[in-house]
1. Starting with the fewest neighbours, write out 195, 140 ranked by other beta-carbon atoms found within 10 Å of each beta-carbon.
2. Where is the GNM fluctuation largest for the chain (alpha-carbon springs, 10 angstrom cutoff): 24, 161, 173?
3. Looking at the square roots a ≥ b ≥ c of the eigenvalues of the Cα gyration tensor of the stretch 1-114, which shape do they give, rounded for a/c under 1.5, prolate if a/b is larger than b/c, or oblate?
4. Taking only Cα atoms, what is the 0 to 90° angle, nearest 10, from helix 184-197's long axis to the longest principal axis of the chain?
5. Evaluate 2.2 N^0.38 Å with N set to the residue count of the stretch 4-50, then give the Cα radius of gyration divided by it.
6. Roughly how many nanometres apart are two label points built 7 Å out from the Cα toward the Cβ at residue 177 and residue 83?
7. In whole Å, how far is the Cα centre of the stretch 162-227 from that of the stretch 13-70?
8. Quick check on the exposure proxy: order 184, 143, 84 from fewest to most C-beta atoms within 10 angstrom.
């Protein structure tokens with residue numbers, strides 16, 4: 001009854017990689033950016049690290065593992081330590097999603113390298129991988145890429161507590177930014193409603209495919225060079 005297919009097992013493995021590797025990278029990027037901009041709050045609380053234990057949110061990790069949607073422990077930031085608080089918050093916020101783009105790009109490069117290689121694995125002095133194993137490996141990398149792009153896109157939605165809200169606050173005129181902050185709970189509720197009804201899934205899927213295609217395009221030369 002609970003037997004999992006190979007694809008399902010690999011999917012859970014990819015989600016575990018996100019929890020143990022990418023979520024810590026995302027949060028550490030926030031902490032590092034804040035530290036470089038003058039705020040050592042996260043550093044003093046032990047968040048300037050890639051250790052999963054420092055960033056693990058138990059409930060958020062469970063949701064991510066079983067349902068593919070979750071979160072890590074937010075990094076504490078004190079904007080009063082920035083020379084320009086609004087700009088500092090914006091740069092600190094955007095560092096997290098950009099780390100997901102970087103991870104996705106590295107994964108696309110790995111995907112293209114693997115795609116250009118017929119042999120991958122040791123056999124008779126030659127690196128070899130069976131077509132089936134290669135297919136599974138490429139599928140895992142693809143899932144890893146898609147999840148990272150989704151994390152980037154979702155976090156850039158301009159509603160609190162998502163990172164995009166800090167970017168929006170910085171870009172808006174002062175009066176508009178004040179109104180946005182005052183009513184942020186309504187925006188967040190609306191986005192959560194759209195997520196639960198699945199309405200937001202369609203534009204996110206569309207944008208995900210466009211970002212994925214762009215990353216494939218800029219790395220399309222790799223298979224030909226490495227074949």
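Here, each number is a calculation from the coordinates, and none is a lab measurement. A quick note: this is a predicted structure, and the numbers were derived from the prediction, not measured. We place every Cβ from the backbone using ideal geometry, glycine too, and count neighbours over all the protein chains shown.
1. Neighbour counts put them in this order, fewest first: 195, 140.
2. Its mean-square fluctuation being the largest, the pick is 173.
3. Judged from the Cα gyration tensor, the stretch 1-114 comes out prolate (a/c at least 1.5, a/b above b/c).
4. 30 degrees
5. Normalised by 2.2 N^0.38 Å, the Cα Rg of the stretch 4-50 equals 1.59.
6. Here the answer is 1.7 nm between the modelled labels.
7. 19 Å
8. Final ranking by Cβ density, sparse to dense: 84, 184, 143.
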